[in-house]
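Just below is one structure, and these are the notes that go with it.
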Amino acid sequence: MVEVKHIVKTFEGHTVLNDISAVFEEGKTNLIIGRSGSGKTVLIKNIIGLMRPDSGRILYDDRDFISMDKPELNRLRREMGMLFQGSALFDSMTVLENVMFPLNMFSHESSKEREKRAMFCLDRVNLPGAEHLFPSEISGGMMKRAAIARTIALNPQYLFCDEPNSGLDPKTALMIDDLIHGITTEYKMTTVINTHDMNSVLNIGDNIVFIQDGRKEWQGTKSNIMDSGNKALNDFLYASDLFRKVKEAETTMEEG
Amino acid sequence: MKEALYQLGEYMLLMRKTLSIPDRWSMFFRQLIKEIYKLGVDSLWIVVIISIFIGTVIAVQISLNIQSPLIPKFTIGYTTREIILLEFSSSIMCLILAGKVGSNIASEIGTMRVTEQIDAMEIMGVNSANFLILPKTVGLMLFIPVLVIFSMFTGILGGVLASYIMGGGMTPSAFEFGIQYYFNAFYVEYSIIKSVVYAYIISTTSAYFGYNVKGGALEVGKASTSAVVMSSVMILLADVILTHLLLT
Ligand SMILES: Nc1ncnc2c1ncn2[C@@H]1O[C@H](COP(=O)(O)OP(=O)(O)OP(=O)(O)O)[C@@H](O)[C@H]1O
Ligand SMILES: [Mg+2]
């Protein structure tokens, strides 16, 4: 479980996050949704420590992230995985070397064991046969898979994804969503995902946090997001054609 | 001025992060070998070609400039050797390498920065500065002196070639006598000491510019230009200081 409490972040007088508090639960895919520019990426970067909030607390299973000393922080880092928007695979290494990288840096197993573990992860994300290709030689969807394999190599407890299916076709996007949801429940991870993809919201929205103008507007699940009664959320949702159609279908069914 | 001090501070912070014990020695040595190949061995051909040509040209120009019967002919060989050993093979060669190697380092690290590869390493708990920059720095400090020695040999060889081709006043035997005349081994040491310092300057300055890129591909290009300019200026500055310390 990851908790954020009263996070504030400003850039040169411009407040991007304004007192955000939320709880991200274990074994669930927790979604952060909001318009482009609403501060989703900034929030996730604060949570994982790539940025430092001006004020507020971040708790990883009651461990205070911000006041942590260096050794403790390094230990926690090994329990965290982050899937970046652009995959962030190391382009001087092959797919297999990428997945083996965290193992080579931190695992005390033999190199045979490490390679076995890496191959297992590649198999888990359904990416067989690509291990000796370089990131520039594979498609965007495959890069996402390889990046997921790399993040799960050390069995993280916390997984963070910044727009995991941006730039992918709907079907591939759905497969990536299912893959993330699958590993989340399988390994009981706390997964936090940034997205503005409505398909993901309906598909894997176990716990949804909606932010608007740097404030948390609403929190709920995919089952009650349609009738939240929150104006800002509805504006956001029904800007999507898909949602409008789902809603229309629901109303006609109720009437019929 | 304030900006310059700020940059210096940032550079110091980066150095503190870079100059620490690697997390994993096996990974460090693997990277080190890679970097020596990529930055050093791949520069060998350009060093050899440039040195032969410049050595030839230096010898030819000196012979054209001292046509006086009062100056013995071996002076040509002697002067050529001194120029190559003292200044060309270390300082000028490293200025050329700053262009090739420095831009390579800055653009590689800069690209890793803008595509979030460095962030990805930090999230894993890897000291990215140490992992990326230290092998380059150590690799260059080990291999640039080797390149400098190659440059000395091939540069003087270029001069010898000139003495064969030119004929006229310059004879190979006079030239060969000249290059052995009053040989001071300390000049070679002096050049090698200089080149080790230059290697440190090129690798860390370029890495600094790459590591602190913000933005996209355009900024990576700018960073790599700044890296080359700044490395060159620093090399010239270090040249003055080291010459003062070591030779006077
Ligand atoms: N390093 C930074 N310095 C200054 N301002 C920043 C920085 N990073 C983000 N911002 C600002 O914070 C705001 C939120 O940006 P953020 O990237 O979090 O949006 P987002 O919700 O992730 O949008 P998208 O869906 O397009 O990715 C933007 O107005 C942006 O200009
Ligand atoms: Mg974003």
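The values are calculated or read from the model by the stated rules, or taken from the named source; none is laboratory data. From a predicted model like this one, the values you see are computed outputs, not experimental measurements. We place every Cβ from the backbone using ideal geometry, glycine too, and count neighbours over all the protein chains shown.
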Conditions (1) within 12 Å of ligand 1 (Cβ to nearest atom); (2) part of a strand (DSSP E or B): number failed by residue A:58: (1)
For residue A:202, which of the numbered conditions (1) away from ligand 2 (no atom under 16 Å from the Cβ); (2) closer than 20 Å to residue A:233 by Cα; (3) in contact (Cβ under 8 Å) with a residue 60 or more places away in the chain fails to hold? (3)
Of the residues that sit in the range A:71-82 and are within 9 Å of chain B (Cβ to nearest Cβ) and not in a helix (DSSP H, G or I), which one is farthest from residue B:116 (Cα to Cα)? A:78
Criterion (assigned by TED's automatic domain parsing to the domain that holds residue A:179, in contact with a Gly (Cβ under 7 Å, 6 or more places away or on another chain), of a type outside the set (D, E, K, R) and over 18 Å from residue B:125 (Cβ atoms)) met by exactly one of A:140, A:167: A:167
Identify all residues within the range A:96-148 that are surrounded by fewer than 20 Cβ atoms within 10 Å (Cβ to Cβ), out of contact with any helix residue (DSSP H, G or I) (no Cβ under 7 Å at 6 or more places or on another chain), small (Gly, Ala, Ser) and not in a loop (DSSP other than H, G, I, E, B); write none if there are none. A:111, A:136, A:140
Any residue that is assigned by TED's automatic domain parsing to the domain that holds residue A:187, away from ligand 1 (no atom under 13 Å from the Cβ) and modelled with pLDDT under 95 - is there at least one of those in the range A:10-19? yes
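Going by the conditions given, is residue A:56 over 27 Å from residue A:128 (Cβ atoms), away from chain B (no Cβ under 14 Å) and within 18 Å of the chain's Cα centre (by Cα)?
Details: over 27 Å from residue A:128 (Cβ atoms): yes; away from chain B (no Cβ under 14 Å): yes; within 18 Å of the chain's Cα centre (by Cα): no.
Here the answer is no, as residue A:56 does not meet what is asked.
Looking for something within 30 Å of residue A:86 (Cβ to Cβ), modelled with pLDDT under 95 and in contact with a helix residue (DSSP H, G or I) (Cβ under 6 Å, 6 or more places away or on another chain) - is there at least one such residue anywhere in the range B:72-86?
Kept after step one, since they are within 30 Å of residue A:86 (Cβ to Cβ), are these residues of the range B:72-86: none.
No, there is no match, as no residue in the range B:72-86 is within 30 Å of residue A:86 (Cβ to Cβ), modelled with pLDDT under 95 and in contact with a helix residue (DSSP H, G or I) (Cβ under 6 Å, 6 or more places away or on another chain).
Rundown of residues vs (1) within 12 Å of residue A:4 (Cβ to Cβ); (2) within 11 Å of chain B (Cβ to nearest Cβ); (3) assigned to a helix (DSSP H, G or I), yes/no style:
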{"site": "A:23", "(1), (2), (3)": "yes, no, no"}
{"site": "A:36", "(1), (2), (3)": "no, no, no"}
{"site": "A:43", "(1), (2), (3)": "yes, no, yes"}
{"site": "A:50", "(1), (2), (3)": "no, yes, no"}
{"site": "A:67", "(1), (2), (3)": "no, no, no"}
Single residue of A:231, A:222, A:188, A:216 found to be within 15 Å of residue A:24 (Cα to Cα) and surrounded by fewer than 15 Cβ atoms within 10 Å (Cβ to Cβ): A:188
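Output the residue which, of all residues in the range A:149-174 that are of a type in the set (S, T, N, Q) and buried (at least 17 other Cβ atoms within 10 Å of the Cβ), is nearest to ligand 2 (Cβ to nearest atom).
Step one: list which residues in the range A:149-174 are of a type in the set (S, T, N, Q), which gives A:151, A:155, A:157, A:165-166, A:172.
Applying the additional criterion that residues be buried (at least 17 other Cβ atoms within 10 Å of the Cβ) yields A:151, A:157, A:165, A:172.
Details: A:151: 18, A:157: 24, A:165: 13, A:172: 20 Å.
Restricting to residues being of a type in the set (S, T, N, Q) and buried (at least 17 other Cβ atoms within 10 Å of the Cβ), the top hit is A:165.
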Check off (1) out of contact with any helix residue (DSSP H, G or I) (no Cβ under 7 Å at 6 or more places or on another chain); (2) farther than 27 Å from residue B:14 by Cα for residue B:221 and give me the number that stays unchecked. (2)
Within the range B:112-129, take every residue that is more than 8 Å from every other protein chain (Cβ to nearest Cβ) and over 15 Å from residue A:74 (Cα atoms) and give me the one that is nearest to the chain's Cα centre (by Cα). B:129
Say whether the condition of being away from ligand 1 (no atom under 15 Å from the Cβ), away from every other protein chain (no Cβ under 14 Å), touching a helix residue (DSSP H, G or I) at 6+ places or on another chain (Cβ under 7 Å) and under 20 Å from residue A:99 (Cα atoms) is met by at least one residue in the range A:151-173. no
Return yes or no: is residue A:18 touching a Lys or Arg at 6+ places or on another chain (Cβ under 7 Å), more than 24 Å from residue A:102 (Cα to Cα) and more than 12 Å from chain B (Cβ to nearest Cβ)? yes
